[in-house]
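> Once you've had a glance at the structure underneath, I'll fire off some questions.
The values are calculated or read from the model by the stated rules, or taken from the named source; none is laboratory data. The structure presented is a predicted model; accordingly, all values stated were derived computationally and were not measured. Cβ: placed from backbone, ideal geometry, glycine included. Neighbour counts: every protein chain shown.
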Amino acid sequence: MSKQNIEFKDSGIPWIGQIPKHWEIKRLKFILNERKENNKPVKTDFILSLTNEKGVIPYSEKGAQGNISKDDITGYKLAYPNDIILNSMNVVIGSVGLSSYFGAISPVYYALYSKENSNIKFYNYVFQTSVFQNSLKGLGNGILEIRMRIPMSNLNNVFLPLPPLNEQKKIAEFLDKKCEIIDKRLSNLERKIKSLKEYKKSLISECVTTGLNPTNMEFKDSGIPWCPQIPSDWQVINPKILFKQRNQKAKSGEIQYTASQEFGIISQEEYTRKTGYNMVKVLKGFDILKHVEVGDFVISMRSFQGGLEYSNVSGSISSAYVMLIPNSKFVNNRYFRWLFKSSKYIDALQSTTNLIRDGQAMRYSNFALIKLIVPPLNEQKEIAEFLDKKCEKIDRLNENYTKQITALKEYKKSLIYECVTGKKEI
């Protein structure tokens, strides 16, 4: 199919736009069939599930969240290899894929198979396009735009492009080859990111617990489980000596901040911009908030998962958090920023979780249970400077890989859309 030799026409469907003149537009019900079998005639306990990233996978790979018990699957439907499986509640955000398995699927899923005029792989690619998924918004029953169930009667009336069958096959084969190359590049980049993250994690833990030149140092028993051997000139000190609690109340008009393991201490507005999640802002009664100061370390509800945060800002923050004021006689802030984010220290914090009920904030008393290792101040400074520079290079490299992944994913989406709507020469 050569784009130069083909005339185009307006499909009349906004998400499709122009299509080759010899293509048709048909409702889904004239192209794909819904598989309506339930699990009663054929018994199987092999349950299939859907993920946005991996598509159709065995239930055992995903976990039990949000699914009916395996002991009660009488209401489940059957799906076959080469069925398009879509989640009627999540298809608008990409929960759709081509199955390679025979198994049972949730009642909220639909299994679609091809009629004589359709190639199932071609239509799986159609369903992967974000413009098609976005076109389904408003078809569901419910008050939310996302996570509302779309009745099959509504899906049946959605318009799809219908090229000649031989062209559908040719486009699907072309996309199989191109997407395989893209997916391999994506997988390689993701492996590089994972490897760098593991290296960074290991580097931080080793530097903050053994110093920069461990082969030239003498070591001694520390007497603490989370770091049993430390350089001989390092100390083990009670955290209550190193960090005192800040118990100041917030003042009216102070900027309200939140603690995030991903972004550190940031304003609620910035957190909303970065994540899309709205924070509950206190408009009056500021006595329920605490004051946080530049240089404070912050214990948040999930510190046992990701360590303590460091504050570069001054303002107000949730009373659920604990602010720690470092003792400058022993503490170099930059060194302890790394120590409190090291995997060894986080593991030590996790050992106190039996004292913390799920959903309850970690307390100063829990923090105080973990005795801390303290290098000489000049060595703390050297370790911090080394990690600052080294980790900045790692982060820049990972940022570059992440940008490449984003660009490749956008290219893949664009390529699929251009092909399934006939706009790209095959």
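> Only one of (1) touching a strand residue (DSSP E or B) at 6+ places or on another chain (Cβ under 7 Å); (2) outside any loop (DSSP other than H, G, I, E, B); (3) of a type in the set (A, V, I, L, M); (4) surrounded by fewer than 18 Cβ atoms within 10 Å (Cβ to Cβ) fails for ILE241. Which number is that?
For ILE241, the failing item is (1).
> For ILE230, state whether it is surrounded by 13 or more Cβ atoms within 10 Å (Cβ to Cβ), among the β-branched types (Val, Ile, Thr) and assigned by TED's automatic domain parsing to the domain that holds GLY94.
Details: surrounded by 13 or more Cβ atoms within 10 Å (Cβ to Cβ): yes; among the β-branched types (Val, Ile, Thr): yes; assigned by TED's automatic domain parsing to the domain that holds GLY94: no.
No, not satisfied.
> Among LYS290, LYS249, which is surrounded by 15 or more Cβ atoms within 10 Å (Cβ to Cβ), in the same structural domain as SER343 (by TED's automatic domain parsing) and of a type in the set (Lys, Arg)? Before you say what the answer is, go through the steps one by one.
Working: LYS249 fails: surrounded by 15 or more Cβ atoms within 10 Å (Cβ to Cβ).
Every option except LYS290 fails the conditions.
> Also, quick follow-up: Would you check if GLN380 is outside the structural domain of THR258 (by TED's automatic domain parsing), closer than 18 Å to ASN238 by Cα and either modelled with pLDDT of 95 or more or surrounded by fewer than 21 Cβ atoms within 10 Å (Cβ to Cβ) (or both)? Steps first, please.
On the way: outside the structural domain of THR258 (by TED's automatic domain parsing): yes; closer than 18 Å to ASN238 by Cα: yes; either modelled with pLDDT of 95 or more or surrounded by fewer than 21 Cβ atoms within 10 Å (Cβ to Cβ) (or both): yes.
Yes; evaluated as a whole, the condition is true for this residue.
> Among residues belonging to region 283-329 that are hydrophobic (A, V, I, L, M, F, W, C) and in a loop (DSSP other than H, G, I, E, B), point out the one that is nearest to ILE346 (Cα to Cα).
Here is the first cut: in region 283-329, the ones hydrophobic (A, V, I, L, M, F, W, C) are 283, 286, 288-289, 292, 294, 297-299, 301, 304, 308, 313, 317, 320, 322-325.
Now narrow it down to the ones that are in a loop (DSSP other than H, G, I, E, B): 283, 294, 301, 308, 313, 320.
Details: LEU283: 34, VAL294: 23, MET301: 13, LEU308: 9, VAL313: 24, ALA320: 19 Å.
Per the criteria, the residue is LEU308.
> Quick one: is PRO326 over 29 Å from HIS291 (Cα atoms) and either buried (at least 17 other Cβ atoms within 10 Å of the Cβ) or touching a Phe, Trp or Tyr at 6+ places or on another chain (Cβ under 6 Å) (or both)?
Working: over 29 Å from HIS291 (Cα atoms): no; either buried (at least 17 other Cβ atoms within 10 Å of the Cβ) or touching a Phe, Trp or Tyr at 6+ places or on another chain (Cβ under 6 Å) (or both): yes.
So PRO326 does not fit the description; no.
> Is it the case, given these coordinates, that GLY97 is free of Cβ contacts under 8 Å to residues at least 60 places away in the same chain, outside any helix (DSSP H, G or I), surrounded by 19 or more Cβ atoms within 10 Å (Cβ to Cβ) and of a type in the set (Gly, Ala, Ser)? Before you say what the answer is, go through the steps one by one.
Values: free of Cβ contacts under 8 Å to residues at least 60 places away in the same chain: yes; outside any helix (DSSP H, G or I): yes; surrounded by 19 or more Cβ atoms within 10 Å (Cβ to Cβ): yes; of a type in the set (Gly, Ala, Ser): yes.
Here the answer is yes, as GLY97 does meet what is asked.
> Taking the options LEU112, LEU144, name whichever one is modelled with pLDDT of 90 or more and aliphatic (A, V, I, L, M).
Values: LEU144 fails: modelled with pLDDT of 90 or more.
It is LEU112.
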